Amino acid sequence: QVQVVQSGGGLVQAGGSLRLSCVVSGSISRINGMGWYRQAPGKQRELVATSTSGGTINYADAVKGRFTISRDDAKNLVYLQMNSLKPEDTAVYYCKADTMYRSYWGQGTQVTVSS
């Protein structure tokens, strides 16, 4: 059984930083892409950042220059370092891992940025 477990998140003031972590465990085939998505109240889930096994990284325009995605493939870990946080970054953040056959989602982590 595959588990995708997230940690980090919480409440921070505007301008602050948070780091999210996500680890994938269990019987899983090779992970290709890993990424972070978020969903604010009343809005659709949106891409935040993705990283392919080939090293291609993609960021949403809203987070470029402030967020950094990184991964440790040996441990099936992916991180999201979030700096200069803004109130509009408030959302539930989800980790996703993609294999050739399917995608796996984490449980979601609340990030709240106060003004």
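Each reported figure results from applying straightforward, stated rules to the coordinates on display, with no laboratory input. The structure presented is a predicted model; accordingly, all values stated were derived computationally and were not measured. All Cβ positions, even for glycine, are placed from backbone atoms using ideal geometry, and neighbour counts span all protein chains on display.
List, in order, the whole-Hz ³J(HN,Hα) value for each residue of region 43-48 obtained from phi through the Karplus relation with A = 6.51, B = -1.76, C = 1.60 and θ = phi - 60°; use x for Gly and Pro.
Rounded to whole hertz, the list is 10, 6, 5, 10, 6, 10.
About the Cα centre, and with charges only on the beta carbon of Lys, Arg (+1) and Asp, Glu (-1), how big is the dipole of the chain? Nearest 20 debye, please. Spell out each step's value before the answer.
Working: 12 positive and 7 negative charges, 14 e Å.
The calculation lands at about 60 debye.
Which whole-Hz ³J(HN,Hα) couplings does region 24-33 yield from phi under the Karplus relation 6.51 cos²θ - 1.76 cosθ + 1.60, θ = phi - 60°, glycine and proline marked x?
10, 10, x, 7, 9, 6, 4, 7, 9, x
Long-range amide H contacts for THR99: which residues qualify at under 5 Å (H placed 1.01 Å from N, peptide plane, sequence gap of 5 or more or a different chain)?
Distant-sequence amide H within range of THR99: ASN32, TYR104.
Under 8 Å for C-alpha pairs, at least 6 residues apart: give me the relative contact order for region 7-68, rounded to a whole percent.
Values: 56 pairs, mean separation 12.2, N = 62.
Over region 7-68, the number comes to 20 percent.
Taking the highest mean first, how do the peptides 82-95, 34-47 order by number of other beta carbon atoms within 10 angstrom per residue? Don't jump to the answer; show the numbers that get you there.
Numbers: 82-95: 18.6, 34-47: 15.5.
Going by the mean number of other Cβ atoms within 10 Å, highest first, we get 82-95, 34-47.
Could you name the lysines in cross-link range of LYS86, using Cα to Cα under 21 Å and dropping any fewer than eight places away on the same chain?
LYS43, LYS64
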